[in-house]
Amino acid sequence: MDFSFSEEQTLLRDSLAAWLADNYDFDKRRAAIAAPEGWRPSAWKALAEDLGILGASFAEELGGLGGGSTEVMVVAEELGKALVVEPYLATVVIAGGYLRRSQSPTAHELVGKIIDGSARFAYAWAEPQARYCLHDIATTATKQGSGFVLNGAKSVVAGAPFATHLVVTARTGGGRRDRDGVSVFVVDKGAKGVVARDYPTVDGGRASEISFEHVALGAEALIAPEGAALPVVEAVTDEAIAALCAEACGVLRRLHEGTLDYTRQRKQFGASIASFQVLQHRMVDMFMALEQAVSMTYMANIKLAAEPSERSRSISAAKVQIGRACRFVGQNAIQLHGGMGMTEEMAIGHYFKRATMIEAEFGSTDHHLARYESLSFEKAA
Amino acid sequence: MDLDFAPEDVAFREQARAFIAENYPAALRERQKSEDALTKDDYFSWHRILAAKGWSTPSWPVEWGGTGWTATQKYIWSEEQARADTLAILPFGVSMLAPVLWTFGTEEQKQRFLPDIRDGKAWWCQGYSEPGAGSDLASLKTRAERITADDGKEYYLVNGQKTWTTLAQFADWGFFLVRTDPNVKPQAGISFLLIDMQSPGVTVRPIITLEGGHEVNDVFLDNVKVPVENRVFHENQGWTCAKALLAHERSGIAGVARSKRGLERLRQVSLTERADDSGPLLGDPFFRRKVADLEIDLTALEYTELRTLAGESSGKGPGPESSILKIKGTEIQQRLTELALEAAGHYGAPYLRGLPHNFGPVGPDAAHGVAGVYFNTRKTSIYGGSNEIQRNIIAKMVLGL
């Protein structure tokens, strides 16, 4: 049994942390998200070229550094600590997750572009009617010649305004909620018929409502088994959730540390408020929630290699624990900062907002509790 | 012991409902729905309509413009307003300062200030908290020194900073706690001053809160001259006024009627929002149970408030038990915003403030702005004495620990 990190993984963490400290502090981030573009191409370039972060988790034969999900976990946690808005998760974990599984040369070329920083992805999966159900898909891809024609609408596509490409789930067969008939495509963001309405999100990011109006796709756009992609969708989503949990750990650490620092400095009734027992107990509870979240994130990372039902059950368990921690630690970080926690100018509120959004991403706490129940008990009953 | 409404109460409900339906400005309703910040006139418009009817200050003594309603009628009135989603009457003048004035003010102060508060002519803000004095309010440092000016009159010269001053950007007047004697124990050296916000030396600076709104402000006081006759009650005895006011602030804070309305809206929303199985969200056993749970908690609070109201109408003022209303009331308000955000699913994420008006809707209407409301509502367990402080008050004053 070993929960330690290799020398290379530690180096990866340290070099990324150092770079973020110098180049991605709160004020720099604030300026970047307020600017019209909402992200910094220079930061992305540095992640790709100076730090080699984007290739860290890809196999060497794909041009990567030979790492895997542990490298993703290390990177995502550091990105969480700095509230990085650039699309690491959608590009490396999600698009990368589909593309590395695909056998097509086009897909492998795209992995090269991810690693060198020239391709950025957004994941267009959610639909207005579907809530968190992965296979409730009304978007259709109809065969035409050797390729497909894509029609439909996707909601709240995170990071889409920054993206060069979209990964899109669509139906090549079956009814709207069938498990069969699901396919996955890569779509050039600039393709004819891709219509995006871009807007900011409450956590400092950007997203889009995207509609596809007769978008013509070549055969090479298909990046998962035609009509039978749901198992791949589930696997990649689980990997995304594991990375999201790691990001959450970074956010939670900052919320907890920030609260300890603030309550030590803040004096009321002639004492540091950190000396009041009721607040000490609260901070201990926050600490326990954080540690439990970290433990579940490690567990999730390990279980990514398990067989699908065990994997999904474990990922849901982690997401439940992380969702609860995000809410408890986030709310209490604000509470213990008092009025200061409510201000836009203090970093703590921005961590709270990100933590809140993580709760709902790729399924809420309730959604994953239900999925855990069904995977754990339905077979037994 | 009963909770039956007498026939005259039923008639009163009809009357109240009809009055709102006939008189609530349609333009204001539109403004409430828009992303734009409300203006001072927006805030005052409904207040002034009620004032013309004589209904802007139901809880006041009749001689100053109270309606003389029974506790039941006041309860019905707050329910009807919540039911119609009217813009709430701002508490600063009507429910916070006014009781201090009629309890501790001079006849002249009452004559001078109460009518304008009642009629929605003067906007008041509350100058209590300071950067170094939040939960420990009595440690406030804003200094007021008595001087005789060149005109031969006596003034307080006020210097210091107040913070979290809600809607001070619109204020004509503010009631301030200031230190008039720094050499005694903290509570004993405080006075309660009424300050004209247009006085030279008053500067209001916005504080933007995490959801992006401008609701609170810093207020800087730099050699502000305040006539001595603007002090309420005795010099150095302002803490007595402050405590009385905080008890009123706490009882108004429960917001039961508004929360009941919020729950009703949540039920409606969860009938149209979809669950993972594509059925209505209210059919989702997890979500449904949370709504039920909250409804039960709110019912308990409602009956606790009714008990408090019954006590008040029998002549007892709001006591330390009003801390219960503050804690439970704000917890329920916060829980409502959590569930509304959960109901919104993905559509909780868009931040649409500041987008062009023609951008068009994103997601269902019910999801619109719910994250901002959730973030903003975190303030409720902080303001008016944080919920930790309220528990201290209950431990000390109610349980005698």
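Taking other Cβ atoms within 10 Å as a rough exposure proxy, B:Thr203, B:Thr142 sort from fewest to most as B:Thr203, B:Thr142.
Please rank B:His368, A:His281, fewest neighbouring Cβ atoms within 10 Å first, as an exposure proxy.
If I rank by nearby Cβ atoms, fewest first, I get A:His281, B:His368.
Within segment B:103-206, DSSP assigns beta bridges of which about 75% are antiparallel (rounded to the nearest 5).
Taking θ as phi - 60° and the Karplus parameters 6.51, -1.76 and 1.60, the scalar couplings of segment B:223-235 work out to 6, 7, 8, 10, x, 4, 5, 8, 8, 9, 6, 6, 4 Hz in sequence order, x denoting glycine and proline. When every Cα-Cα distance of chain A is counted in 10 angstrom steps from zero, the calculated P(r) takes the values 5, 23, 33, 25, 10, 3, 1, 0 percent.
With springs connecting C-alpha atoms under 10 Å apart, model chain A as a Gaussian network and identify which of A:Ser272, A:Ser57, A:Ser314 has the largest mean-square fluctuation. Top of the fluctuation ranking is A:Ser272. Largest GNM mean-square fluctuation across B:Trp164, B:Trp64, B:Trp239, computed for chain B with C-alpha springs under 10 Å, falls on B:Trp64. Taking label points 7 Å from Cα along the Cα-to-Cβ direction, A:Ala228 and B:Glu14 give a separation of 7.1 nm.
According to the calculation over all Cα-Cα pairs in segment A:56-172, the P(r) per 10 Å bin from zero is 13, 38, 35, 13, 1 %. Each 5 Å bin from 0 upward holds the following percent of the Cα-Cα pairs of segment B:1-126: 2, 10, 19, 21, 18, 14, 9, 5, 1, 0. As a size descriptor, the averaged projected area of the C-alpha convex hull of segment B:195-292 was calculated at 10.6 nm².
Applying a threshold of 30 Å to the alpha-carbon distances of B:Lys33/B:Lys225; B:Lys40/B:Lys396; A:Lys113/A:Lys143; B:Lys33/B:Lys74; A:Lys154/B:Lys328 flags B:Lys33/B:Lys225; B:Lys40/B:Lys396; A:Lys154/B:Lys328 as lying beyond it. Karplus-derived 3J(HN,Hα) values for segment B:366-371, using 6.51 cos²θ - 1.76 cosθ + 1.60 with θ = phi - 60°, are 5, 8, 4, x, 5, 5 Hz; glycine and proline are entered as x. Here each label is just a point 7 Å from Cα along the line to Cβ, and for B:Thr106 and A:Asp116 those points are 8.4 nm apart. For segment B:314-401, the Kirkwood hydrodynamic radius comes to 15.4 Å, computed from all pairs of different C-alpha atoms. With N counted as the residues of segment B:55-188, its alpha-carbon radius of gyration over 2.2 N^0.38 Å works out to 1.25.
Computed log10 I(q)/I(0) for the protein assembly as shown at 0.05, 0.07, 0.10 Å⁻¹: -0.30, -0.58, -1.06, from the Debye equation with unit scatterers placed on every C-alpha and solvent omitted. Each residue of segment A:183-191 was assigned a 3J(HN,Hα) from its phi angle through the Karplus curve 6.51 cos²θ - 1.76 cosθ + 1.60 (θ = phi - 60°); the sequence is 10, 10, 10, 9, 10, 5, 4, x, 5 Hz, with glycine and proline shown as x.
Computed over all pairs of different Cα atoms, the Kirkwood value for the hydrodynamic radius of segment A:56-107 is 11.6 Å.
What list do you get for B:Leu38, A:Leu79, A:Leu89 if you sort them by fewest beta carbons within 10 Å?
Taking fewest neighbouring Cβ atoms as first place, the list is B:Leu38, A:Leu79, A:Leu89.
Here the convex hull built on the C-alpha positions of segment A:292-381 has a volume of 96 cubic angstrom per residue.
Describe numerically, in nm with one decimal, the distance between label points set 7 Å from Cα along Cα→Cβ at B:Thr203 and at B:Thr70. Between B:Thr203 and B:Thr70, the simple spin-label model gives 5.5 nm.
If you take each beta carbon of peptide B:348-361 and count the beta carbons of other chains within 10 angstrom, what is the mean?
Rounded to a whole number, the mean comes out at 4.
The calculated FRET efficiency for B:Asp4 paired with A:Asp285, based on their beta-carbon distance and R0 = 45 Å, is about 0.50.
At full extension, B:Ser278 and B:Leu38 could sit 82.7 nm farther apart than now, given 0.36 nm per residue minus the alpha carbon distance.
Farthest toward the positive end of the dipole of segment B:162-262, out of B:His234, B:Val178, B:Ala244, is the Cα of B:Ala244, where the dipole comes from beta carbon charges about the Cα centre. Normalised by residue count, chain B yields a Cα convex hull volume of 162 Å³ per residue. For B:Lys185, the aspartates and glutamates whose Cα comes closer than 15 Å to its Cα, not counting residues fewer than 8 places off in the same chain, are B:Asp136, B:Glu235. Taken about its Cα centre, chain A carries a charge dipole of about 1000 debye when Lys and Arg each add +1 at the Cβ and Asp and Glu each add -1 at the Cβ.
Computed about its Cα centre, the charge dipole of chain B is approximately 500 debye, with only Lys, Arg, Asp and Glu carrying charge at their Cβ.
So, R0 is 30 Å and r is the distance between the beta-carbons of B:Asp365 and B:Lys53; what FRET efficiency does that work out to, to 0.05? Result of the calculation: an efficiency of 0.45.
Under a Gaussian network description of chain B, with springs only between Cα atoms under 10 Å, the residue in B:Glu130, B:Glu388, B:Glu295 that fluctuates furthest is B:Glu388. For A:Asp50, project a label point 7 Å along Cα to C-beta. Then give me every residue of segment A:1-18 with its amide nitrogen under 14 Å of that point. Hits in segment A:1-18 for A:Asp50 at 14 Å: A:15-18.
Distance distribution note for segment A:124-181: the fraction of Cα pairs above 18 angstrom is 35%.
Work out the mean other chain Cβ neighbour count within 10 Å for the residues of B:334-341 and drop it here as an integer.
Numbers: counts 1, 0, 0, 0, 4, 0, 0, 6.
Shielding by partners across B:334-341 averages 1.
Compute the label zone of A:Val278 within segment B:368-397: residues whose backbone N is under 14 Å from the point 7 Å along Cα-to-Cβ. Only B:381-397 fall inside the zone, counting backbone N under 14 Å.
Read the figures in this text as sums done on the coordinates, not as results from a lab. Source: prediction; values computed, not measured. Virtual Cβ from ideal backbone geometry, glycine too; neighbours counted across all protein chains shown.
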